[in-house]
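Report on the following structure.
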Amino acid sequence: MREGLHETEIERDPIRQFQLWFDEAIAAKLPMPDAMSLATVTPDGRPTARMVLLKQVDADGFVFFTNYNSNKAKQLEINPYAALVFYWSQFERQVRVEGKVSKTAAEESAAYFATRPRESQIGAWASPQSEVISAREVLEQRAHELAEQYCDRDIDCPAHWGGFRLVPDRIEFWKGRAGRLHDRILYELQPDESWTIKRLAP
Ligand SMILES: Cc1cc2nc3c(=O)[nH]c(=O)nc-3n(C[C@H](O)[C@H](O)[C@H](O)COP(=O)(O)O)c2cc1C
């Protein structure tokens with residue numbers, strides 16, 4: 001993975017280029033290759049970032065799941081523009097993705113929720129994400145009660161839980177090279193849905 005990025009060799013479509021790098025990160029068993037920093041903006045214009053997991057990527061965009069009452073979800077409700085950053089350190093590769101976010105369809109969220117481990121499903125019901133809680137015990141007690149309540153029954157996807165899909169309009173690939181002469185290739189979406197490709201100075 002020491003090789004650089006060459007305009008003549010990269011994919012014309014940045015999603016395909018992303019998939020190549022992502023597949024290589026998975027194949028190499030890098031730790032949490034799907035972990036990405038998600039940056040949003042608060043109503044008073046302050047950037048704020050946290051890690052989330054990429055659950056799907058294809059021509060339609062980048063999907064992650066979360067609590068729709070969380071801070072990030074409330075911020076995205078007001079300002080749907082967001083940024084993602086992936087960093088695969090062993091490969092000296094960074095990918096920055098920017099674009100507009102919208103909620104996934106309720107059926108899509110429910111279908112993914114159904115595949116989650118039971119304790120994660122209970123956690124989604126038990127945790128009022130981003131709210132202040134008085135003690136850890138409150139959370140544990142709630143999870144315990146919910147586990148008893150559901151017993152052997154299937155756990156429905158909460159209405160306050162689901163996915164967001166970021167549709168990219170800028171994707172930048174960064175590859176570390178010797179002597180700090182790194183490669184940076186920026187793809188920008190044009191009004192006719194084509195992508196321009198530019199090289200940026202490192
Ligand atoms: C590696 C990692 C992966 C995470 N994945 C998710 C995720 O997929 N969805 C999520 O809601 N929170 C995830 N979290 C927790 C978030 O970073 C964050 O604490 C939480 O979503 C609340 O953020 P908010 O208050 O800004 O909404 C993850 C944290 C880490 C460290």
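State which residue is nearest to Ala178 (Cα to Cα) when the search covers only segment 84-111 and only residues that are small (Gly, Ala, Ser) and surrounded by 15 or more Cβ atoms within 10 Å (Cβ to Cβ).
Among residues in segment 84-111 that are small (Gly, Ala, Ser) and surrounded by 15 or more Cβ atoms within 10 Å (Cβ to Cβ), the one nearest to Ala178 (Cα to Cα) is Gly99.
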On the given criteria, is Val52 within 16 Å of the ligand (Cβ to nearest atom), closer than 19 Å to Phe164 by Cα and open to solvent by less than 30 Å² (accessible area, probe 1.4 Å)? yes
Quickly run through segment 71-83 and pick out the residues that are within 20 Å of Glu193 (Cβ to Cβ) and either part of a loop (DSSP other than H, G, I, E, B) or open to solvent by less than 30 Å² (accessible area, probe 1.4 Å) (or both). Pro80
Could you check, for segment 31-48, whether at least one of its residues is open to solvent by 70 Å² or more (accessible area, probe 1.4 Å), modelled with pLDDT of 95 or more and part of a helix (DSSP H, G or I)? no
Scanning segment 55-70 residue by residue, those assigned to a loop (DSSP other than H, G, I, E, B), open to solvent by 30 Å² or more (accessible area, probe 1.4 Å) and out of contact with any His (no Cβ under 8 Å at 6 or more places or on another chain) turn out to be Lys55, Ala59, Asp60
Among (1) buried (at least 16 other Cβ atoms within 10 Å of the Cβ); (2) touching a residue at least 40 places away in the same chain (Cβ under 8 Å), the one test that Ala114 misses: (1)
Hey, any hits in segment 66-73 for a residue that's modelled with pLDDT of 95 or more, more than 15 Å from the chain's Cα centre (by Cα) and of a type in the set (Phe, Trp, Tyr)? no
Restricting the search to segment 129-164, which residues are part of a loop (DSSP other than H, G, I, E, B), closer than 22 Å to Ala114 by Cα and either hydroxyl-bearing (Ser, Thr, Tyr) or open to solvent by 50 Å² or more (accessible area, probe 1.4 Å) (or both)? Gln129, Cys151, Asp152, Arg153, Asp154, Asp156, Ala159
Out of the residues in segment 4-30 that are of a type in the set (A, V, I, L, M) and either surrounded by 14 or more Cβ atoms within 10 Å (Cβ to Cβ) or outside any helix (DSSP H, G or I) (or both), which is nearest to the chain's Cα centre (by Cα)? Ile15
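Among the listed residues Ser102, Ser120, identify the single one that is of a type in the set (S, T, N, Q), under 30 Å from Leu189 (Cα atoms) and not in a loop (DSSP other than H, G, I, E, B).
After applying the criteria, what remains is Ser102.
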Would you check if Gly99 is at pLDDT 95 or above, more than 22 Å from Ile26 (Cα to Cα) and touching a helix residue (DSSP H, G or I) at 6+ places or on another chain (Cβ under 7 Å)? no
Close pairs (7 angstrom Cβ cut-off, 6 or more residues apart or separate chains): at positive phi in segment 59-83, not hydroxyl-bearing (Ser, Thr, Tyr) anywhere: Gly61/Arg165; Gly61/Leu166; Gly61/Val167; Gly61/Pro168
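The values are calculated or read from the model by the stated rules, or taken from the named source; none is laboratory data. In this text the structure is predicted, and so the values were computed from the model without any measurement. Note that each Cβ is placed from the backbone with ideal geometry, even for glycine, and that neighbours are counted across all protein chains shown. We work out accessible area using only protein heavy atoms, side chains counted, and drop any ligands, DNA or RNA first. Shrake-Rupley method; radii C 1.70, N 1.55, O 1.52, S 1.80 Å.
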